[in-house]
Each structure stands twice: as C-alpha cells, then as structure tokens.
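Right, one structure below, let's go through it.
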Amino acid sequence: MFHSSKRNRCFAFGVAAIVLLVASTPASGSTLARALAAPSPRDFMRVLDAQIQSARPREVFRRTVVFNDVRAGAPEGTVFPFTATVSIHDYNPGFPPAHYYGKTCITRIGTTRYDMHRDRIGEWVVDTRTIPEPVCTQNPVEGKSAFPLDSLRGTRVGTSNPLPELMTKKKVNVNLRLGEYACTRPGGRIAAQMGFRLNRDKTYTDVDGARGGTYTFELLAGTLMFQGGFLDKMGGKSVNNESVFNLSADLTCAPW
C-alpha cells in the first residue's frame, strides 16, 4: 500500500510537470519569435544613423545623415540585409569675426549592402563599411552652408534632425541649449580645455565636471555671462537660435 501510494504521487507530479511545460511553451515561442522578428527599414535607418553620428569627427559641429532608396533583402538566418544610398552632410560655422565662415563637407555612399543583426546583449547593430573621403567646400558667407541641406533629397531619422541655417541677424527670444559645448579658434581648430557644460540649475562645469561656476543668460538680449570658475567674467554676445556665440575675439562656441 505504501509503495503504491508513493508511485501514484510521483505519477501525478510528473503529469503536472508535463502540463506546466506544455502550457509555457507558446509563451517561450512567442518571446523567441519577437527576438527573431525582422527589423523594419526605419529600424535600419535609425541604427545606422546613430552609428554614423558616433563616428563624427570632433571638428564637425553638425552632422546630418540622409537616406535614399532603402530596401530590405531576404533574411539569412539571424542576419537581415539592407541596401541603401546614404549622404552625410558635415557643417562647421568657422569663425566669422576673422572672416572665416567654415566649410561644408558632403560624403556620398553609393548603393551598398549592410548586414543587420543583434549583438550579444540583444541590441540591433549594423555592419558598417569604410566611409569614403568627403568633398569639402568653404562656406561663402556667415551662417550659410556651401551645400544647403535642402539640396539633399531623402529621409532623416534618429539624431539627424533638420539643420537650420545659422541666423546672420540676432533674433529675440533665443532658447539657450543646455548640455556640452565646444569652442573653436580661427581656422576651425578646437580650443583645448575650453569645453564646458551648461546645467539647468544655472551652473556650468568643464567637460570633466571638475571646475565651474554659475552663468546668467539674458533671454531678450541674447547674452551669456559666466561667474566664477575657469570662464569667470567671460561672456557670449549675440547668442543665436542655434546657441552659437563668440566667447571672446578668437573663440566661437556651439553645442557639441
């Protein structure tokens, strides 16, 4: 009797385990299906845009990626191929007080295959190709690109928001951007140790967060002044709608 009861209990436990396993199988299959779902062309553009932006040289103040003719290919296991034509618009405003208006560089990547897959932590990545050398042209006047962005037809996603031309005349009600700034000297050279961060609480620090002070911004006048820290008593006048301003006679600063 004792052995029979024990066998019955073991049998019941085994049946329950099998039922539980069968019941859980669809959920596991659904999760796996979602993990293996093909990325959309928009997913592809968003990921490649972010990867191209991350490779932006420090001397480039604005990079915009424009996509044309993006097409998805047939999946190859866990690899999802795409073909696309890509243009990269790199803009630097230069240093207008020295009559240097920067340059604009255009990189055109012809129709190319890209393989998209998930990395070890499950994030989408795109296997990129070597970016060709750009074609660069000096900007003609202050605030004007040698290659207007509107001349590049296509789609922009992710971090490649439209790039408005820098305003040549100051406008009131300028919205000062928060975050990291970089400064350049005449010729577009990055000024070492002059980068800073503007914080929401009206404080500023260097990019390492070690030195800093406070700042005041006059909205209607478009002026920015620093108090304390390594930028003490320095200030930016005529802050424009892109938060670009002259910190001194030989320093132009802009969001980084």
message: I need a count of the residues in the stretch 38-76 that are free of Cβ contacts under 8 Å to residues at least 60 places away in the same chain and touching a strand residue (DSSP E or B) at 6+ places or on another chain (Cβ under 9 Å).
response: 13
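Scanning the stretch 137-153 for residues that are under 15 Å from residue 187 (Cα atoms) and of a type outside the set (A, V, I, L, M, F, W, C), which turns out most open to solvent (accessible area, probe 1.4 Å)? Write out each step before concluding.
Restricting attention to the stretch 137-153, the residues satisfying the condition of being under 15 Å from residue 187 (Cα atoms) are 137-142.
When the remaining residues are screened for being of a type outside the set (A, V, I, L, M, F, W, C), the result is 137-140, 142.
Numbers: 137: 56, 138: 110, 139: 10, 140: 83, 142: 82 Å².
Here the answer is 138.
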query: Mind checking which residues of the stretch 37-58 are farther than 27 Å from residue 189 by Cβ and either open to solvent by 60 Å² or more (accessible area, probe 1.4 Å) or in a loop (DSSP other than H, G, I, E, B) (or both)?
result: 37, 38, 39, 40, 42, 46
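Taking the conditions exactly as written (surrounded by 14 or more Cβ atoms within 10 Å (Cβ to Cβ) and not hydroxyl-bearing (Ser, Thr, Tyr)), does residue 118 satisfy them or not? Working first, answer last.
Values: surrounded by 14 or more Cβ atoms within 10 Å (Cβ to Cβ): yes; not hydroxyl-bearing (Ser, Thr, Tyr): yes.
For residue 118, the condition - surrounded by 14 or more Cβ atoms within 10 Å (Cβ to Cβ) and not hydroxyl-bearing (Ser, Thr, Tyr) - is met.
Checking the conditions here, which among 246, 240 is in a strand (DSSP E or B) and crowded, with 17+ Cβ neighbours inside 10 Å?
When all the criteria are applied, what remains is 246.
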task: Kindly indicate whether residue 88 is at pLDDT 90 or above, under 21 Å from residue 154 (Cβ atoms) and not in a helix (DSSP H, G or I).
output: yes
Failed item in (1) open to solvent by 40 Å² or more (accessible area, probe 1.4 Å); (2) modelled with pLDDT under 85; (3) under 22 Å from the mean Cα position of the chain (by Cα), with residue 160 passing the rest: (1)
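Among the residues of the stretch 59-79, how many are among the polar types (S, T, N, Q) and either open to solvent by less than 80 Å² (accessible area, probe 1.4 Å) or closer than 15 Å to residue 102 by Cα (or both)? Before the answer, list the steps.
Here is the first cut: in the stretch 59-79, the residues among the polar types (S, T, N, Q) are 64, 68, 78.
Remaining after also requiring either open to solvent by less than 80 Å² (accessible area, probe 1.4 Å) or closer than 15 Å to residue 102 by Cα (or both): 64, 68.
The qualifying residues number 2.
The values are calculated or read from the model by the stated rules, or taken from the named source; none is laboratory data. Being a predicted model, the structure only gives us computed values, none of them experimental. Don't worry about glycine lacking a Cβ; one is built from the backbone with ideal geometry, like all the others, and counts go over all protein chains shown. The accessibility values were calculated without ligands, DNA or RNA, using every heavy atom of the protein model including side chains. Shrake-Rupley method; radii C 1.70, N 1.55, O 1.52, S 1.80 Å.
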